[in-house]
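Engineer: What follows is a single structure, and I will ask about it in a moment.
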Amino acid sequence: MGQTLAQKIISKACSKDYVTPGEIEVAKIDLAMIHDSGGPRRVKPILDHLGVGVWSSKKIVVVSDHYVPEFDSETKAIQKLTRDWVKSNNIQAFYDQMGICHVVVPENGHLKPGMFVVGGDSHSPTGGAFGAYMFGIGATEMAGVLATGEIWIKVPETIKIDWSGQLNEFVTAKDMMLYTCGRLGMDGGKYQAVEYTGSAISSLSMQERMTVSNMTAELGGQAGLIKPDITTKRYLENVGITNIETEFWESDEDADFLDSFSFNANDLVPQIAAPHSPANSRNITEEEKIAVDVAYIGACTGAKMSDLRMAANILKGKELASGVRLLVAPASKKDQNLAKDEGIMKVFEDAGATILPNSCGICAGYGSERLDADVICVSSTARNFQGRMGALSSGVYLGSPYTVAASAITGCITDPRHFIEGKYE
Amino acid sequence: MSNTGLVWCFGNDIDTDILAPGRFMSSKLEVLASHCLEALDPLFASNVKPGDILIAGKNFGVGSSREQAAQALKYLGIKAVIAKSFAGIFYRNAINLGLPVLIGNASDVVQSGNRANLKIETGLLELIEEAKIIKCEPMPKFLLKLIEAGGLVPHLEKRFAKEKIIQ
């Protein structure tokens with residue numbers, strides 16, 4: 001019997017030739033990623049209590065991205081504790097306020113196909129875009145990983161989601177995932193591995209693939225895998241990783257899948273998810289004209305370089321609707337610098353946007369900016385749970401960066417296809 | 001392991017922002033816990049009693065990896081959560097913190113305020129006044145052991161103690 005990509009990676013992590021879905025195995029960790037919220041401040045007391053240190057300082061990456069920038073005594077104390085812990089554990093890979101972990105970790109070359117990785121954050125499936133089996137865990141479990149270098153895993157079945165055809169103009173990876181969440185629900189992934197295949201997936205840029213894998217969290221999958229190919233190789237070469245073997249890291253032709261879903265990208269139109277669930281998605285044509293107060297381009301899901309380019313494409317030479325605030329929090333410093341070089345940051349500034357720090361920011365409900373009572377926000381982020389981004393009475397509509405930008409200009413939820421060259425005046 | 005208490009019922013897709021709101025995440029657990037589930041029931045945190053059981057629909061604990069979602073329930077005295085299904089990370093977090101989580105269709109039958117007895121090992125939930133028994137799926141043995149140890153930390157304590165003796 002052939003193996004799925006997920007089985008192959010887990011077999012390697014368990015030093016076995018084959019692992020059987022449904023069995024509980026103990027796997028060795030290739031890399032553990034932690035951030036300032038669930039990381040040092042939560043694992044240190046447990047490791048101290050156990051009287052043990054970390055299993056391998058070389059296999060740990062620490063990213064400060066949640067309580068960033070520090071602004072009061074609590075957040076200052078969290079950042080100090082993080083820095084002190086990194087130093088005393090001799091951890092070299094530390095990215096202090098450089099951006100959001102899911103973007104910073106791959107852009108610094110820490111992820112490779114075939115790796116078995118845990119992250120102390122629910123959007124950790126993002127790493128699946130590189131053909132790594134990466135999933136999110138909580139802080140106590142992370143302390144266990146840091147102490148032992150291993151974790152138990154129930155070998156997952158794989159659910160295949162195939163996207164044939166090609167995306168139309170102004171339709172994005174984000175729309176694919178909002179559509180998938182709407183069709184399968186937030187538990188559609190059944191906490192199994194999800195593998196994305198098909199021509200519309202392989203045509204995506206690396207960062208757009210990251211958006212797909214990222215939102216596997218909203219789909220309820222444990223990991224969201226895309227087999228590595230030439231696009232993966234090129235991205236990795238750019239961040240200094242060469243000699244990547246991609247051929248082995250794919251599902252065998254005779255591998256067994258729990259379920260398979262087929263969608264056609266040719267038919268997909270921009271999607272919008274109404275409050276308070278990403279699965280509450282529909283064609284944007286059904287939701288147009290809802291007035292918005294805030295437009296937010298942010299988060300690991302929706303403020304990478306590819307996302308910033310999309311938003312700027314719409315915003316170029318345009319002004320915000322009166323009374324609408326556009327907030328832009330580029331996902332990493334590196335992407336913000338790139339955007340600056342391309343003139344994209346100037347487009348945002350000229351349009352009247354407020355530029356926020358490279359952090360999880362409003363998406364996670366952390367930081368000093370939050371949505372006030374009754375505010376309606378259109379957002380490029382992944383989650384619109386009630387109260388997540390601010391007041392319980394606020395409401396968040398999720399869409400692509402194109403959709404958020406288009407809505408910021410008109411002042412209401414707007415199909416970005418109205419902005420196809422020359423159409424919108 | 002057996003427990004008797006009052007039942008609290010909630011619906012589908014109870015997310016981690018409802019269980020542990022982001023704006024209180026930098027606060028102490030007692031503060032965070034006092035806002036647990038307040039979006040759905042503002043009186044939950046002040047009225048829940050040690051020994052009570054939480055019963056919900058599908059996909060309980062969906063969302064973030066923040067284990068404070070499970071920790072807040074445990075802090076407030078909830079002895080077990082029974083749901084039609086759980087979001088994966090919440091399920092793992094609850095077990096690691098020693099909070100029993102059982103899969104069962106109790107939410108269709110049980111009402112908030114019912115008195116119930118739950119036997120963790122067998123997954124049998126008895127509604128005392130109604131004289132009704134609901135069968136939940138027993139937890140896998142591997143995970144039950146972790147619960148019996150009190151969670152991952154006590155389990156690791158034993159492991160490292162053994163390793164030290166061997167050395």
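None of the figures in this text is laboratory data; all of them are computed from the coordinates on show. Since we're looking at a predicted model, the values are computed, not measured. Cβ sites come from the backbone with ideal geometry, for glycine too, and all protein chains shown count toward neighbours.
Engineer: Please turn the phi angles of region A:387-393 into ³J(HN,Hα) values with the Karplus equation 6.51 cos²θ - 1.76 cosθ + 1.60 (θ = phi - 60°), one per residue in order, whole Hz, x for glycine and proline.
Structural biologist: Computed from phi, the couplings for region A:387-393 are x, 4, 9, x, 4, 4, 8 Hz.
Engineer: So, counting K/R as plus one and D/E as minus one, what does the shell of residues with Cβ under 10 Å around A:Thr197 add up to?
Structural biologist: On the way: positive: A:Lys160, A:Lys227; negative: A:Asp162, A:Glu195, A:Glu250.
Value of the local net charge: -1.
Engineer: Hey, another quick one. Label points 7 Å out from Cα along the Cβ direction at A:Phe248 and A:Ile290: separation in nm?
Structural biologist: 4.8
Engineer: All other residues with a Cβ under 13 Å from the Cβ of B:Lys58 taken together, and with Lys, Arg as +1 and Asp, Glu as -1, what is their net charge?
Structural biologist: Working: positive: A:Lys190, B:Lys84; negative: A:Asp187, B:Asp13, B:Asp15, B:Asp108.
Local charge sum for B:Lys58: -2.
Engineer: About its Cα centre, what dipole magnitude does chain A give when the only charges are +1 on Lys and Arg Cβ and -1 on Asp and Glu Cβ, stated in debye to the nearest 20? It would help to have the intermediate numbers written out before the result.
Structural biologist: Working: 39 positive and 52 negative charges, 192 e Å.
That gives chain A a dipole magnitude of about 920 debye.
Engineer: Expressed as a whole number of Å, what is the distance separating the alpha-carbon centroids of region A:121-164 and region B:18-90?
Structural biologist: Computed from Cα coordinates, the inter-centre distance equals 23 Å.
Engineer: Check each of the trypsin sites (Lys or Arg not before Pro) in region A:1-109 and keep only those in coil by DSSP with at most 14 other C-beta atoms within 10 angstrom; list them in order. Don't jump to the answer; show the numbers that get you there.
Structural biologist: Working: sites: A:Lys8, A:Lys12, A:Lys16, A:Lys28, A:Arg41, A:Arg42, A:Lys58, A:Lys59, A:Lys76, A:Lys80, A:Arg83, A:Lys87; in loops: A:Lys16.
Taking region A:1-109 and a limit of 14 other Cβ atoms within 10 Å, the loop trypsin sites (Lys or Arg not before Pro) found are A:Lys16.
Engineer: Amide H neighbours of B:Ile82 under 5 Å, at least 5 residues apart or on other chains, H built in the peptide plane: list them.
Structural biologist: B:Leu54, B:Ile55, B:Ala56, B:Leu102
Engineer: Still on this structure, I have one more. With both bridge residues required to lie in region B:2-166, what share of the DSSP beta bridges run antiparallel, to the nearest 5%? Walk me through the intermediate numbers first.
Structural biologist: On the way: 14 of 26 bridges.
Percentage antiparallel, nearest 5: 55.
Engineer: Moving on. Relative contact order for region A:276-425: what is it in percent, counting Cα pairs under 8 Å that are at least 6 residues apart? Numbers along the way, then the final one.
Structural biologist: Working: 330 pairs, mean separation 49.7, N = 150.
Taking the mean separation of contacting Cα pairs over the length of region A:276-425, I get 33 percent.
Engineer: Using a Gaussian network model of chain A whose springs link C-alpha atoms within less than 10 Å, name the residue from A:Ile376, A:Ile244, A:Ile297 with the highest mean-square fluctuation.
Structural biologist: Largest GNM mean-square fluctuation: A:Ile244.
Engineer: Can you check what the net charge comes to around B:Val153, using other residues whose Cβ is under 11 Å from the Cβ of B:Val153 (Lys, Arg +1; Asp, Glu -1)?
Structural biologist: Details: positive: B:Lys158, B:Arg159; negative: A:Glu141, B:Glu157.
Value of the local net charge: 0.
Engineer: Which whole-number percentage describes the relative contact order of chain B, with Cα contacts under 8 Å and a sequence gap of 6 or more?
Structural biologist: Details: 355 pairs, mean separation 38.3, N = 167.
Dividing the mean separation by the residue count of chain B yields 23 percent.
Engineer: In the protein assembly as shown, if the dipole is taken from +1 on Lys/Arg beta carbons and -1 on Asp/Glu beta carbons about the Cα centre, which of A:Pro45, A:Thr158, A:Ala353 is farthest to the positive end?
Structural biologist: Of the options given, the answer is A:Pro45.
Engineer: If you don't mind, another one. Once you keep just the Cα pairs under 8 angstrom separated by 6 or more residues, what percentage relative contact order results for chain A? Spell out each step's value before the answer.
Structural biologist: Details: 1068 pairs, mean separation 74.9, N = 425.
It comes to 18 percent, rounded to a whole number.
Engineer: Any idea what the alpha-carbon Rg over 2.2 N^0.38 Å comes to for chain A? Walk me through the intermediate numbers first.
Structural biologist: On the way: Rg = 20.7 Å, N = 425, 2.2 N^0.38 = 21.9 Å.
Relative to the rule-of-thumb radius for its length, chain A sits at 0.94.
Engineer: What is the set of long-range amide H partners of A:Tyr191 at a cut-off below 5 Å, with H atoms built 1.01 Å from backbone N?
Structural biologist: Residues meeting the amide H criterion: A:Gly221, A:Gln222.
Engineer: In addition: Using modelled amide H (1.01 Å from N, peptide plane; none on Pro or chain starts), what sits under 5 Å from the amide H of A:Met215, excluding residues fewer than 5 places away?
Structural biologist: none
Engineer: Using each residue's phi in region A:88-93, evaluate 6.51 cos²θ - 1.76 cosθ + 1.60 at θ = phi - 60° and report the 3J(HN,Hα) Karplus result to the nearest Hz, with x for Gly and Pro.
Structural biologist: Residue by residue, region A:88-93 yields 6, 9, 6, 8, 7, 7 Hz.
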